[in-house]
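Step one of this worksheet: look at the structure below.
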Amino acid sequence: MQALRPIPFIVRKEFRQLFRDRALVGIVVFVPLVQLFLFGYAANTDLVDVRVALLDQDRSPESRALADAFYSSDVFVPGPPAASPGDLERFLVQREADVSIWIPPGYGERTASFARRSLTGTGDRGEAGAQVGVLVDGTNSSLAGRAAAYAAWIISQAASPPGAAQTAPLAARSRFFYNPELRSRDYMVPGIVVLIVTIISGLLTGMAVVREREIGTLEQLMVSPLTPGQLIAGKTIPFAILAFLDLALATLVAVLWFRLPFEGSAWLLAAGALVYLLVTLGLGLLASTVSSTQQQAMFTLWFFLIFAILMSGFFYPIENMPPGIRWLTYADPLRYMMKIVRGVFLRGATFADLWPQFAALGGMGLVIFSAAVWRFRKRVA
Amino acid sequence: MKRLLAIARKELRHILRDPRSLLVALVMPAAMVVLYGYGIDTELRDLPLGILDEDRTEASRALIRRVLASEFIRDAGRIERRAEIEPAFRRERFRAVMVVPPGYGEAELGSSGARVSRADPARIQALSQASLPASNQAQVQLLIDGADASTAAIVESYLRAALAGAGRGAGEAGAPPADPRVRILFNPELESAHFIVPGLVAVILIMICALLTSIAITREKETGTMEQVLTTPVRPAQLVLGKVAPYLLIAIADAILVLAVGRIVFHVPMRGSWGALAGYSFLYLMVALGLGLLISTVARSQRVAMTVALVATMLPTIILSGFVFPFASMPWPLQALGRVIPATYYLPIIRGIMLTGRAWYPLEGAVLAGMAVLLLALSIRRFGTRLEA
């Protein structure tokens with residue numbers, strides 16, 4: 001117990017030192033909010049306002065109906081009017097349109113005759129339908145694929161005789177669990193909560209220790225009667241407290257402002273954060289023992305973070321990655337924390353569902369933190 | 001000029017004394033290209049699909065076999081009862097479960113074929129729910145974990161396509177009434193790397209210039225060596241230019257490295273001229289440098305400089321410029337914010353030059369030039385007054 005006595009004093013000293021730097025208050029409060037709002041509002045890949053340039057060389061009621069089908073969809077908006085086939089590609093190169101549609105002469109006649117045939121059940125079933133040209137700007141690969149598929153779907157729907165396509169017996173019915181309206185924000189915001197906790201605890205701890213070394217006050221602390229263990233506790237506890245405050249802040253904003261569901265237990269989330277902090281504080285300390293300047297510490301941690309964020313499944317699902325990289329993600333602590341936080345927020349996951357993640361984080365935390373403490377002692381002694 | 005070079009040499013020595021940071025500055029961008037090139041991919045490769053076969057007929061088993069044969073689907077196991085579905089989702093065992101209801105086999109015998117179109121899933125879903133007869137017992141159900149909304153939409157459209165393919169075994173529908181001939185320009189294979197690599201150049205230039213220069217300058221302030229340099233006859237402008245010159249070189253080296261890795265590993269095309277790219281990139285580099293200098297005049301500690309560089313430059317560049325998230329789908333206040341970010345103007349230029357081959361960007365170029373002049377003038381002036389005070 002004797003060993004624990006000085007810890008509150010070191011923690012208080014550290015807090016005083018932290019808040020002397022006015023900007024730090026901004027870092028702790030303002031940065032998480034900026035991240036939440038930027039990602040919460042901007043990070044969606046929904047298909048909207050796709051500008052379509054249309055060249056109608058048929059000028060029949062059928063072709064006008066097709067044009068209307070495009071303009072009345074909530075995805076496509078009218079782009080510049082095309083006067084000749086050459087315009088269609090030119091608009092895409094100059095970024096004045098994202099998709100161009102060419103309705104060649106004869107479109108109306110062909111679709112009308114197809115409708116007649118399907119009504120009477122006569123004629124050659126194999127005869128090709130009316131052709132419509134679709135040009136898509138492929139620069140943004142993920143948008144382009146979906147815009148192309150949607151345009152093709154509108155065209156085949158517009159030309160189908162009413163009621164023809166929907167009676168297929170194999171038409172599957174689908175149901176989405178947890179997020180029935182498919183709001184991408186609901187998935188993004190819990191991920192940002194993880195990022196915020198990671199940055200506050202890992203990056204700031206690493207830089208705080210190196211800062212003392214850089215300006216020479218670490219030596220002064222070492223000549224004091226504090227043991228390295230007490231020093232470490234004093235350096236990490238304040239950031240753990242700040243990380244918990246930010247976790248609470250971010251969760252409140254997510255639930256009250258972004259109206260996210262919070263299906264699971266807040267205690268489970270807190271427990272997950274506690275285990276995870278062992279990893280991030282350990283990483284911060286470890287980076288500080290291998291760095292002699294703040295720039296180095298920051299760089300080392302950034303280098304780690306950029307990869308860890310990408311491989312955590314924050315933006316894109318891990319199953320889409322090539323097998324080699326998929327294996328690498330098992331070494332990424334963020335991967336497990338993402339699953340815990342998203343599971344608690346969206347799926348109402350319990351400890352029984354999440355224990356593999358807890359076990360992985362706990363194991364990593366123990367290894368990383370003891371390695372950090374060991375290196376720290378060695379450098380101090 | 002001589003003094004400027006001396007400062008630059010001093011800064012270079014600072015950089016070289018810390019080979020790890022230099023290595024990180026050079027290796028990180030190249031590694032980012034490889035990881036982002038492979039990692040940002042909406043193509044499904046390994047979809048864990050669960051199966052609940054309530055029909056247990058020859059027909060249902062045949063359907064399941066054909067669906068599981070799709071190369072993007074991984075057979076993640078069978079379940080016996082509907083009550084098992086939800087707990088399995090909570091454990092993330094499956095991303096989707098296909099339920100073949102009782103009576104599927106009989107209904108299939110009576111039908112002639114199937115047609116499921118492949119398009120925007122949300123709309124198909126609305127449409128199919130509106131028009132499907134309730135009595136149709138043969139409906140296969142797709143239960144999808146919707147937590148990851150955008151992936152869920154893709155999962156659904158892939159599964160419907162797989163089902164449509166599997167249903168073909170029973171009979172073929174006639175030719176479609178309309179035949180959309182889709183051609184995708186500039187990136188016909190829809191390679192995500194072709195989209196990401198040019199964007200990474202924009203992100204990395206900002207990262208190196210704004211972050212490294214602001215930290216290098218605030219470090220001298222924090223450790224107190226700035227005063228020592230100022231007692232020498234070096235003028236503020238010389239000091240600033242000398243300090244940033246080495247970082248400019250690093251930034252240029254990084255940009256070249258990123259482009260080289262993109263070309264070699266991902267075969268990102270270069271359809272425009274290198275000269276135009278270099279010219280516009282130089283403008284953008286000046287803007288990034290101006291930002292870094294401005295931050296260093298505001299920040300007193302490295303920690304603050306890092307945070308400001310992160311929040312005011314890197315995050316907006318990644319999120320608001322159209323690097324991954326399309327500009328059009330943001331609400332208007334963020335679009336307005338996005339319009340003051342330099343990368344919003346540089347991204348169309350570099351993507352245009354590399355992917356479409358367009359050479360001339362008068363509007364974007366003018367905005368970048370204006371930003372560069374404004375930021376550099378402002379920061380050098382602020383720098384001068386701060387140092388003399």
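The values are calculated or read from the model by the stated rules, or taken from the named source; none is laboratory data. Only a predicted model underlies this, so the values are computations on that prediction, with no experimental measurement involved. Glycine gets a Cβ as well: all are built from the backbone with ideal geometry, and neighbour counts include every protein chain shown.
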Among helices (runs of 4 or more DSSP H) entirely inside the range A:241-351, those with 2 or more residues being closer than 30 Å to A:T217 by Cα and away from chain B (no Cβ under 14 Å) are A:266-289
Taking the range A:180-211 and keeping residues within 17 Å of A:R375 (Cα to Cα) and either basic (K, R) or more than 9 Å from chain B (Cβ to nearest Cβ) (or both) leaves A:G202, A:T205, A:G206, A:V209, A:V210
Only one of (1) touching a Lys or Arg at 6+ places or on another chain (Cβ under 8 Å); (2) surrounded by fewer than 20 Cβ atoms within 10 Å (Cβ to Cβ) does not apply to A:G26, and that is (1)
Filter pass, B:A170 being modelled with pLDDT of 70 or more, within 19 Å of B:S70 (Cα to Cα) and not aromatic (F, W, Y): no
Here the qualifying pairs (Cβ atoms under 6 Å; residues six or more apart or on different chains; first in the range A:178-196 and closer than 22 Å to A:V29 by Cα; second at pLDDT below 85 and of a type in the set (A, V, I, L, M)) come out as A:M188/A:A43
Condition first: in contact (Cβ under 8 Å) with a residue 24 or more places away in the chain, facing chain A (nearest Cβ under 10 Å), buried (at least 17 other Cβ atoms within 10 Å of the Cβ) and farther than 17 Å from B:I144 by Cα. Can you find one or more residues in the range B:55-69 that meet it? yes
The condition of being within 31 Å of the chain's Cα centre (by Cα) and either at positive phi or not assigned by TED's automatic domain parsing to the domain that holds B:V197 (or both) holds, among B:E71, B:E54, only for B:E71
Restricting the range A:11-30 to residues that are among the charged types (D, E, K, R) and in a helix (DSSP H, G or I), the one farthest from the other protein chains (Cβ to nearest Cβ) turns out to be A:R12
Among helices (runs of 4 or more DSSP H) entirely inside the range B:46-151, those with 2 or more residues being at pLDDT 80 or above and either closer than 27 Å to A:K339 by Cβ or hydroxyl-bearing (S, T, Y) (or both) are B:58-68, B:85-90
Any residue at all in the range B:285-297 that is more than 26 Å from A:R211 (Cα to Cα) and either among the polar types (S, T, N, Q) or not assigned by TED's automatic domain parsing to the domain that holds B:Y36 (or both)? no
message: Kindly evaluate B:A8 against the criterion of being assigned to a helix (DSSP H, G or I), surrounded by 15 or more Cβ atoms within 10 Å (Cβ to Cβ) and either at pLDDT 85 or above or in contact with a Gly (Cβ under 8 Å, 6 or more places away or on another chain) (or both).
response: yes
Among residues of the range B:234-257 being over 20 Å from B:I215 (Cβ atoms) and at pLDDT 90 or above, the residue surrounded by the most Cβ atoms within 10 Å (Cβ to Cβ) is B:L257
Only one of A:P61, A:P8, A:P104, A:P78 is surrounded by 13 or more Cβ atoms within 10 Å (Cβ to Cβ), more than 12 Å from chain B (Cβ to nearest Cβ) and either modelled with pLDDT of 85 or more or out of contact with any Phe, Trp or Tyr (no Cβ under 8 Å at 6 or more places or on another chain) (or both), namely A:P78
Those residues of the range B:4-30 that are facing another protein chain (nearest Cβ under 10 Å), of a type in the set (A, V, I, L, M, F, W, C) and over 15 Å from B:L248 (Cα atoms) come to a total of 4
Looking at the range B:272-291, is at least one residue assigned to a helix (DSSP H, G or I) and in contact with a Gly (Cβ under 7 Å, 6 or more places away or on another chain)?
yes
B:R20 meets each of (1) at negative phi; (2) in a strand (DSSP E or B) with one exception, condition (2)
Counting only residues that are in contact (Cβ under 8 Å) with a residue 60 or more places away in the chain and farther than 30 Å from B:A88 by Cβ, the range B:29-49 contains a total of 7
When (1) buried (at least 21 other Cβ atoms within 10 Å of the Cβ); (2) closer than 28 Å to A:S312 by Cβ; (3) hydrophobic (A, V, I, L, M, F, W, C) are applied to A:F262, the one that fails is (1)
| request: Report yes if B:I264 is farther than 20 Å from B:I208 by Cβ, in the same structural domain as B:S21 (by TED's automatic domain parsing) and either hydrophobic (A, V, I, L, M, F, W, C) or surrounded by 22 or more Cβ atoms within 10 Å (Cβ to Cβ) (or both), otherwise no. | output: yes
query = Any chance the range A:206-221 includes a residue that's surrounded by fewer than 22 Cβ atoms within 10 Å (Cβ to Cβ), outside any helix (DSSP H, G or I) and more than 23 Å from the chain's Cα centre (by Cα)?
reply = yes
Here the residues within the range B:71-101 that are surrounded by fewer than 18 Cβ atoms within 10 Å (Cβ to Cβ) and more than 12 Å from every other protein chain (Cβ to nearest Cβ) are B:E71, B:D75, B:G77, B:R78, B:E80, B:R81, B:A83, B:E84
Subset of the range A:323-373, residues surrounded by fewer than 21 Cβ atoms within 10 Å (Cβ to Cβ) and either of a type in the set (S, T, N, Q) or in contact with a strand residue (DSSP E or B) (Cβ under 7 Å, 6 or more places away or on another chain) (or both), comes to A:T329, A:T350, A:S370
Considering every residue within the range B:174-193, establish whether at least one is at pLDDT below 70, under 27 Å from B:R56 (Cα atoms) and touching a Gly at 6+ places or on another chain (Cβ under 6 Å).
no
